[in-house]
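Down below is the structure, laid out as structure tokens.
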Amino acid sequence: MNQTQQIRYMDCITGKAGAPHDKTGKTVFQIMMVFFMVTVMVTFNWNLHTDDHSPLHFALSLYEYPVMFILALAVRLFVANPIIGPLIDNVVAKRLEGTVRSVAVTLVNVLFMGSIMGLFGLTVTGGLSSITWDHYASLYPATWIAAFLFNFFIVGPLVKMLYSGFVAPAMEAYRSTAKEKRVSAALRALVGKKALVDGSQGESI
């Protein structure tokens, strides 16, 4: 992905827009993906598996969002990346193209992350006693299907467009601006304003 290039929704679907490849960009991108996917999937699973949809019961479940975010981010960075990262980079990305590649990448990520996060989800919501084969199996295939659809059609394109349109320009402005003006330049770029203040530039970090 060209970090400062404006992309369209269909670019994300057809594989023209992908994730960044530099270390910092990739980490930031994955944090964004995890945040939005956890928000969507915790909400989806709460609605799917609870009988009480009252505001009070929902408020009592709010703790699941930060807990699941931390767990999902740890799994993403320290488990998924070393295991499925090479598979995606060396097999899927090299052998497939376009929409088919986008579908395959999303499918691999969803199957791996969904299977692990399902266990954590059961533990967070019901404790260790809730982890039974029947209870775990009841999460699927609805959770896999929902995660794939949300990721492929909503979260993935949203994150790619937000990253390329706002986050990447802010990061670039921070790197390319004089040290004393980096923060202000990044903030201006983040909200779509001129990145460099008074045209001053310093060494990139």
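The values are calculated or read from the model by the stated rules, or taken from the named source; none is laboratory data. In this text, all values refer to a predicted model and were calculated from it rather than measured experimentally. Glycine gets a Cβ as well: all are built from the backbone with ideal geometry, and neighbour counts include every protein chain shown. Ligands, DNA and RNA are stripped out before the accessible areas are found, and what is left, the full protein with its side chains, is counted by its heavy atoms. Shrake-Rupley method; radii C 1.70, N 1.55, O 1.52, S 1.80 Å.
Do we find that ALA59 is among the small types (Gly, Ala, Ser) and within 19 Å of VAL159 (Cα to Cα) in this structure? No, not satisfied. Inspect the range 169-178 for any residue being open to solvent by less than 20 Å² (accessible area, probe 1.4 Å) and part of a helix (DSSP H, G or I) and give the result as yes or no. Within the range 169-178, one or more residues are open to solvent by less than 20 Å² (accessible area, probe 1.4 Å) and part of a helix (DSSP H, G or I).
If I ask for residues that are open to solvent by 30 Å² or more (accessible area, probe 1.4 Å) and among the aliphatic types (A, V, I, L, M), which ones from the range 125-161 would you list? Those that are open to solvent by 30 Å² or more (accessible area, probe 1.4 Å) and among the aliphatic types (A, V, I, L, M): LEU128, ILE131, ALA137, ALA142, ILE145, LEU149, ILE154, LEU158, MET161.
The condition of being of a type outside the set (D, E, K, R), touching a residue at least 24 places away in the same chain (Cβ under 8 Å), in a loop (DSSP other than H, G, I, E, B) and within 30 Å of ASN47 (Cα to Cα) holds for only one of LEU107, LEU111, LEU162, LEU139, that being LEU139. The residues in the range 114-131 that are under 21 Å from LEU62 (Cβ atoms), assigned to a helix (DSSP H, G or I) and of a type outside the set (A, V, I, L, M, F, W, C) can be counted, and the count is 6. Go through the range 80-99 and report how many residues are touching a residue at least 60 places away in the same chain (Cβ under 8 Å) and either touching a Cys at 6+ places or on another chain (Cβ under 8 Å) or in a helix (DSSP H, G or I) (or both). Residues in the range 80-99 being touching a residue at least 60 places away in the same chain (Cβ under 8 Å) and either touching a Cys at 6+ places or on another chain (Cβ under 8 Å) or in a helix (DSSP H, G or I) (or both): 2 in total.
Considering only residues that are closer than 17 Å to ASN81 by Cβ and of a type in the set (S, T, N, Q), look in the range 98-115 and name the one that is surrounded by the fewest Cβ atoms within 10 Å (Cβ to Cβ). Ranking the candidates gives SER115 first. Just to verify a result, which residue in the range 179-199, among those that are open to solvent by less than 50 Å² (accessible area, probe 1.4 Å) and assigned to a loop (DSSP other than H, G, I, E, B), is modelled with the highest pLDDT? Checked the range 179-199; the qualifying residue modelled with the highest pLDDT is ALA195.
Pick from the range 7-23 the residues that are out of contact with any helix residue (DSSP H, G or I) (no Cβ under 7 Å at 6 or more places or on another chain) and part of a helix (DSSP H, G or I): which of them is surrounded by the fewest Cβ atoms within 10 Å (Cβ to Cβ)? In this case the residue turns out to be LYS23. Summed over the range 31-59, the residues that are out of contact with any helix residue (DSSP H, G or I) (no Cβ under 8 Å at 6 or more places or on another chain) and either at pLDDT 90 or above or surrounded by fewer than 11 Cβ atoms within 10 Å (Cβ to Cβ) (or both) give a count of 8.
Quick one: would you say THR39 is in contact (Cβ under 8 Å) with a residue 24 or more places away in the chain, farther than 20 Å from THR143 by Cα and among the polar types (S, T, N, Q)? No; evaluated as a whole, the condition is false for this residue.
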